[in-house]
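The values are calculated or read from the model by the stated rules, or taken from the named source; none is laboratory data. Being a predicted model, the structure only gives us computed values, none of them experimental. Every residue, glycine among them, receives a Cβ derived from its backbone with ideal geometry; neighbour counts consider all protein chains shown. Heavy atoms of the whole protein, side chains included, go into the accessibility calculation; ligands, DNA and RNA do not. Shrake-Rupley method; radii C 1.70, N 1.55, O 1.52, S 1.80 Å.
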Amino acid sequence: MTTTSPLTPLCAVADVPAGGCRRIALPGRPPLAVFRIDSGIHVTDDTCTHGDASLCDGEIEDGLVECPYHQGAFDIATGKPAGAPCTIALRVYPAQVQDGQVLAALPVQEPA
Ligand code: FES
């Protein structure tokens, strides 16, 4: 069973370019991507589910992020694959903004 931690602060909204993405590296976790698009702030895994690419290096358009490696795509809000060769959904994390800070509910890390 996966439990969820209290909200984790990731960055300031102002640190995420409008229409863009900021990569967040937290200790002991895969990198996260904070997207700031028309539909709001979204937090997902940064690494493509098809390979070892940073989605923050990809193109963002119409609510989709296109992977820089093989041009697969994901719906940023839902994480659903939206273009071949991506078939595995991207993990998305509940996010909110408080006092100009992006917070996300991340799964609790199990001790190694
Ligand atoms: S690594 Fe992202 S589409 Fe292949």
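Near Ser54: Cβ cut-off under 13 Å, other residues only, Lys/Arg at +1 and Asp/Glu at -1. The net charge is -4. The charge dipole of the range 1-74, taken about its Cα centre with unit charges on the Cβ atoms of Lys, Arg (+1), Asp and Glu (-1) only, comes to about 360 debye. Net charge of the neighbourhood of Val97, taken over other residues with C-beta under 13 Å away and scored Lys/Arg +1, Asp/Glu -1, is -1.
Distant-in-sequence amide contacts of Cys11, defined by a placed amide H-H separation under 5 Å and a gap of 5 or more residues or a different chain, comprise Val102. Here the range 16-93 exposes an accessible surface that is 48 percent carbon and sulfur, computed with a 1.4 Å probe and the other protein chains kept in place.
Phi angles across the range 75-92 convert, under the Karplus curve 6.51 cos²θ - 1.76 cosθ + 1.60 with θ = phi - 60°, into 3J(HN,Hα) values of 6, 5, 6, 10, x, 5, x, 10, x, 5, x, 6, 10, 9, 5, 7, 6, 10 Hz, Gly and Pro given as x. Per-residue accessible area (protein heavy atoms, 1.4 Å probe) orders His50, His42 as His50, His42, starting from the largest. Considering only alpha-carbon pairs that sit under 8 angstrom and 6 or more positions apart, the relative contact order computed for the range 16-93 is 22 percent. Extending 7 Å from the Cα toward the beta-carbon at both Gln101 and Ala25 defines two label points whose distance is 2.2 nm.
A simple packing score, the average count of other Cβ atoms within 10 Å per residue, orders the peptides 97-104, 32-39 as 32-39, 97-104, with the highest score first. Using the 1.4 Å probe convention, the accessible area of the chain works out to 56 Å² per residue with neighbouring protein chains retained. Summary of packing: across the peptides 25-31, 56-62, the per-residue average of other C-beta atoms within 10 Å ranks them, highest first, as 56-62, 25-31. Taking amide H as placed 1.01 Å from N in the peptide plane, Ala82 has its amide H under 5 Å from the amide H of Ala73, Phe74, Asp75, each at least 5 places away in sequence or on another chain.
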